[in-house]
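Here is the structure we will look at.
The numbers here are math on the coordinates, done by the rules we state, and not lab data. Model, not experiment: these values are computed from the prediction. Neighbour counts are summed over all protein chains in view; Cβ atoms, including those assigned to glycine, are modelled from backbone coordinates with ideal geometry.
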Amino acid sequence: GVDLQVCSSKNPTCCTKKMEERYQTAARQDIQQVIQATSATLKFLISRNAAAFQETFEMLIKLAENYTNTLFCNAYRNMAVEAATHIQELFTDVGLFIFGTDISTEEFVNRFFDTLFPIAYSHMIKPGLTDVSLEYAECLRMATRDIRPFGSVPKVIARQLGRSMLPSRTFLQALNLGIEVINTTDHLHFSKDCSRALLRMQYCPHCQGLTLSKPCMGYCLNVVRGCLANLAEVDLHWRGYVQSLEELSSAMHGTYDLEHVLLNFHSLVNDALIQAQINGPELSEQVNKICGPPVRKPQQSTGCSFDQNKDNQGLKMFTRDSEETLANRRKAFIGHLRLYRAFYGGLADQLCANELAAADGLPCWNGEVVVRSYTHRVVGSGIKAQSGNPEVKVKGTDPVINQIIDKLKHVIKV
């Protein structure tokens, strides 16, 4: 073919223009596959952990709900059935918050205690009052925040839940963003100039019958650093992302550790009920002032509908060894992730060294002929360094990559 665009040479060539076009598509697909293969372990690490942490959070929420129901069944049996619905609502809200819904922690914790007070009042503070009328129960519910029957416990719980749920939610969101970053960089758009450079590097030697020759290392670095110049711009922000995940993870202990707070929730509820019981006589006086004397309905005694045996079967699967705490799982994950903090900065070099270029000292292809060594200067990584690239012209930044960088900046700030 005399009309070749890229693989023209002084020597005879066995390529046609059509072959050259197909080779260009192949060269693009090759580099994309090599990038995807290189990022596969990193992507698997993050996505597997995102799924595992989500599952663990769900399990902890279920466990905390079961602990709280068990508390009522064991210590406040006559209140257990009525309380169960409100306990379930509370932990549904906890799940919604952790998995990304914007709801106020203080609001749903207060709502739980508002609905708990009428039950506690009629069964524990005035035990003869079983089944107070709906209107009276509503008056008690409305009065809860003025009377403060549970003292400062609701405030403590709201603060602890808020403190521990927000980091966990941010942690999950950050992991999902990590997956998005890799998915985006796995499907990079290559410019026309880059596609031609890849074709010249990988397939033009075939047109001269040189099917076994590989590109020189310096030549490969120039082409791939040029093609991945935008990806190298992610490097700084990816390092920041890994570091901020590390800092977030190590700060999640004590009242910032979701596991600690959720599994301790039932004992704080117990403190709240004991406090209401101790202050019973004063509370009765205040209630009489606000709501008047209670209106009774006929008594119905109820048992405990929470089947502990059934639920404990599920809990046995979740044996909590000291190794399996959330903190340890996070630590192990961060330890692995840290190995990839320079992933984007070193990607071009990794592709050339591991996959594409000839080993040092061997004859290699320089884009025109097979030589002993590549003689042009080798440019650095990133967009600024490309102005002197002899193999690829790099024009401006990629808007898709800029978008990903903005998202990384945002999550680091959060």
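Structural size metrics of region 52-135, computed from C-alpha coordinates, are Rg and Dmax of 14.6, 48 Å. Across the chain, the mean sequence separation of Cα contacts (distance under 8 Å, 6 or more residues apart), normalised by length, yields a relative contact order of 29 percent. Please compute one quarter of the surface area of the Cα convex hull for region 330-380 and express it in square nanometres. It is 4.8 nm². Over the chain, DSSP H runs of length four or greater, each weighted -39,500 (n - 2.57), average out per residue to a 222 nm ellipticity of -21500 deg cm²/dmol. Normalised by the number of residues in region 83-198, the average gap of Cα pairs under 8 Å and 6 or more apart makes the relative contact order 30 percent. Beyond a 21 Å Cα-Cα separation, which of these cross-linked pairs lie in this structure: Lys18/Lys192; Lys214/Lys395; Lys192/Lys395; Lys10/Lys192; Lys43/Lys331? In this structure, Lys214/Lys395; Lys10/Lys192 exceed 21 Å between Cα atoms.
Taking all Cα pairs closer than 8 Å and separated by 6 or more residues, the relative contact order of region 1-153 comes to 13 percent.
Treating region 90-204 as a set of equal point scatterers at the Cα positions, no solvent, please give the Debye-formula log₁₀ I(q)/I(0) at q = 0.11, 0.12, 0.18, 0.23 Å⁻¹. Once normalised to I(0) and log-transformed, intensities are -0.57, -0.63, -0.95, -1.19. Summarised as an ellipsoid, the chain has semi-axes of 68, 18, 17 Å, derived from the eigenvalues of the Cα gyration tensor scaled by 5 and square-rooted, with the largest first.
Taking a virtual spin label 7 Å from the Cα of Lys331 along the C-beta vector, which residues in region 41-57 bring their backbone nitrogen under 18 Å of it? Taking a point 7 Å out along Cα→Cβ of Lys331, the residues of region 41-57 whose backbone N falls under 18 Å are 53. Axis angle, to the nearest 10 degrees, between helix 17-75 and the longest C-alpha principal axis of the chain: 10 degrees.
Helix 153-186 and the longest principal axis of the Cα set of the chain meet at an angle near 20°.
Paramagnetic label reach from Glu247 (point 7 Å along Cα→Cβ; backbone nitrogen cut-off under 18 Å): within region 386-413, residues 406-413.
Computed from Cα atoms, the angle from the helix 217-227 axis to the main principal axis of the chain rounds to 50 degrees.
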